[in-house]
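Trainee: I have a structure I would like to understand better, so I am pasting it below and will then ask my questions one at a time.
The values are calculated or read from the model by the stated rules, or taken from the named source; none is laboratory data. Please read these numbers as outputs of a predicted model, since none were measured by experiment. Glycine also receives a Cβ, built like all others from the backbone with ideal geometry; neighbour counts cover every protein chain displayed. The accessibility values were calculated without ligands, DNA or RNA, using every heavy atom of the protein model including side chains. Shrake-Rupley method; radii C 1.70, N 1.55, O 1.52, S 1.80 Å.
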Amino acid sequence: MGISPAESGSPEKEQQAAGVGILLQIMMLVLSFVLGHVLRRHKFYYLPEASASLLIGLIVGGLANISNTETSIRAWFNFHEEFFFLFLLPPIIFQSGFSLSAKPFFSNFGAIVTFAILGTFIASVVTGVLVYLGGRMYLMYGLPFVECLMFGALISATDPVTVLSIFRELGTDTSLYALVFGESVLNDAMAISLYRTMSIVRKHASSAQNFFMVIFRFLETFVGSMSAGVGVGFVSALLFKYAGLDVDNLQNLECCLFVLFPYFSYMLAEGLGLSGIVSILFTAIVMKHYSYSNLSENSQQFVSDFFHLISSLAETFTFIYMGFDIAMEKHSWSHLGFIFFSILFIVVARAANVFSCAYLVNLVRPVHRQIPLKHQKALWYSGLRGAMAFALALQSVHDLPEGRGQIIFTATTAIVVLSVLLIGGSTGTMLEALHVVGDSHDGHLEL
């Protein structure tokens, strides 16, 4: 599972290729961290760490392509969706939830759920319908309606990593941070559910019951995943409270158990056909507030540092891995119209999502808690597309018949690269222009 070497060749050759492949990956990771540190030190926000990692992956991948590197080494760089979903994503989501200030998150929970569920649904449908109409009007390559909705679902998955790192660095408003973070994490789960449901609908094309099936399936997934996550979190809290593990000589056991629980939660949800992302997010929030305080002081320090370390590695590796794969994959660049209009439609769909949901939220909120227009604009702008959209697009290559998945994959690749480099690079400028940058470098925002 995950990164697999080439099938052919002698074991010695394969081992050597594996060594070279892993060495290259470690070198790129080291380079990314050093470059990220230098850029941060000089307060150069136009190239965030994620963008730098993606560029390093693209450049090295391009060079490997030109130099005709051995296939056995290349095999170590193929982006495997399973590896991403099962190994790279859990630590990133757990660390995000673990370091989250619960107060701004839960005080904005209604708004977050509105943006993540209703908003993502609006964005997916608007994108899907516009792409379908664009195809009917011969502006772009025409896809069947359900496949347009699949594309709408996968491209509505926003990526929090790049934008949030800049938000933290500049110290933005806590409510805005909580909104952007909550929306992007729950939105990923919604996008995956929508994509998978549309995929089922495509295989068993039936009648209007599909619409209700989508909604029922999503609610079942969301509530089930949240319950699984909270349940695992409380089991861990009870264990650490009553098992008497907080004595010095049991520190190792305590830390091992604490690190295993989040993975248990993620895999439990995935094994039950639910959403691992939602599950691990709620496990993180519960464990931070109930289990963490029952650890010994040394263990608290260790688990905080450990999750921070492992999520930094996973984030950076994801972007390098993605950049390398983009440079190595076969793309069908013959449909540039599809890419151009998709970008246009996504911008429109994101606006429909953010401004309509903000209007609904403001209808029920008291005046002093309304979401101001500048926050809405920041939310609209920060809808970056990243690794989640890329992983789902890779899946669509297998899911959709000859050529169509490839077109979706190429369009998604172009959108991911443009949004990470352009939007990621200009987020700092945008925040300053909207005057949502505060000097709140306090505990609220620290990850």
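Trainee: Using a Förster radius of 35 Å, what is the FRET efficiency between Phe234 and Leu363 based on their Cβ-Cβ separation? Nearest 0.05, please.
Mentor: Rounded to the nearest 0.05, the efficiency is 0.50.
Trainee: Write out the chymotrypsin sites (Phe, Trp or Tyr not before Pro) in region 106-138 meeting two conditions: DSSP loop, and at most 16 other Cβ atoms within 10 Å of their Cβ.
Mentor: Those satisfying the criteria are Tyr138.
Trainee: Are there any chymotrypsin sites (Phe, Trp or Tyr not before Pro) in region 25-99 that are in a DSSP loop and have at most 15 other Cβ atoms within 10 Å? List them by number.
Mentor: When the chymotrypsin sites (Phe, Trp or Tyr not before Pro) of region 25-99 are filtered for loop state and at most 15 Cβ neighbours within 10 Å, Phe44, Tyr46 remain.
Trainee: Divide by every residue of the chain the summed helix terms, -39500 (n - 2.57) for each DSSP H run of at least 4, and state the resulting mean residue ellipticity at 222 nm, rounded to the nearest 500 deg cm²/dmol.
Mentor: The helix contribution divided over the chain gives -23500 deg cm²/dmol.
Trainee: Please work out the FRET efficiency for the pair Leu344 and Ala243, using the Cβ-Cβ distance as r and a Förster radius of 60 Å; give the result to the nearest 0.05.
Mentor: According to the calculation, E is roughly 0.60.
Trainee: What does the accessible area of Arg350 come to, in Å² to the nearest 10, when a probe of 1.4 Å is used?
Mentor: For Arg350, solvent-accessible area is about 10 Å².
Trainee: Next question, about the same structure. What relative contact order, as a whole-number percentage, does region 83-434 give when Cα pairs under 8 Å and 6 or more residues apart are counted?
Mentor: Relative CO of region 83-434 lands at 27 percent.
Trainee: Write down the accessible area per residue of the chain in Å², having rolled a 1.4 Å probe over the full set of protein chains.
Mentor: On a per-residue basis, the chain sits at 43 Å².
Trainee: Taking all protein chains in place and a 1.4 Å probe, what share, in percent, of the accessible surface of region 304-394 do carbon and sulfur account for?
Mentor: Ligands and nucleic acids excluded, carbon and sulfur reach 71 percent.
Trainee: Now for a different question. Towards the positive end of the charge dipole of the chain, with charges on Cβ (+1 Lys, Arg; -1 Asp, Glu), say which of Leu363, Tyr177, His308 has the farthest Cα.
Mentor: Highest projection toward the positive end goes to Leu363.
Trainee: Related question: Once you've got the Cα coordinates, tell me which of Lys103/Lys241; Lys241/Lys288; Lys330/Lys377; Lys43/Lys330 are over 25 Å apart.
Mentor: Over 25 Å Cα-Cα: Lys330/Lys377; Lys43/Lys330.
Trainee: Given a Förster distance of 22 angstrom, what is the FRET efficiency for Ser107 paired with Val223, based on the Cβ-Cβ distance and rounded to 0.05?
Mentor: 0.55
Trainee: Do any chymotrypsin sites (Phe, Trp or Tyr not before Pro) in region 308-398 lie in a DSSP loop with no more than 14 other beta carbon atoms within 10 Å, and if so, which?
Mentor: Of the chymotrypsin sites (Phe, Trp or Tyr not before Pro), the ones in loops of region 308-398 whose Cβ has at most 14 other Cβ atoms within 10 Å are Trp333.
Trainee: State whether region 83-434 is rounded, prolate or oblate according to the following rule on the C-alpha gyration tensor (a ≥ b ≥ c being the square roots of its eigenvalues): a/c under 1.5 gives rounded; otherwise a/b larger than b/c gives prolate, and the remaining case gives oblate.
Mentor: Because a/c hits 1.5 or more and a/b exceeds b/c, region 83-434 counts as prolate.
Trainee: Please list Lys13, Lys374, Lys43 in order of solvent-accessible area, largest first, computed with a 1.4 Å probe with all protein chains present.
Mentor: From most accessible down to least: Lys43, Lys13, Lys374.
Trainee: Work out, step by step, the length gained on full extension between Val129 and Phe44: first 0.36 nm times the residue separation, then minus their alpha carbon distance; give nm to one decimal.
Mentor: 26.7 nm
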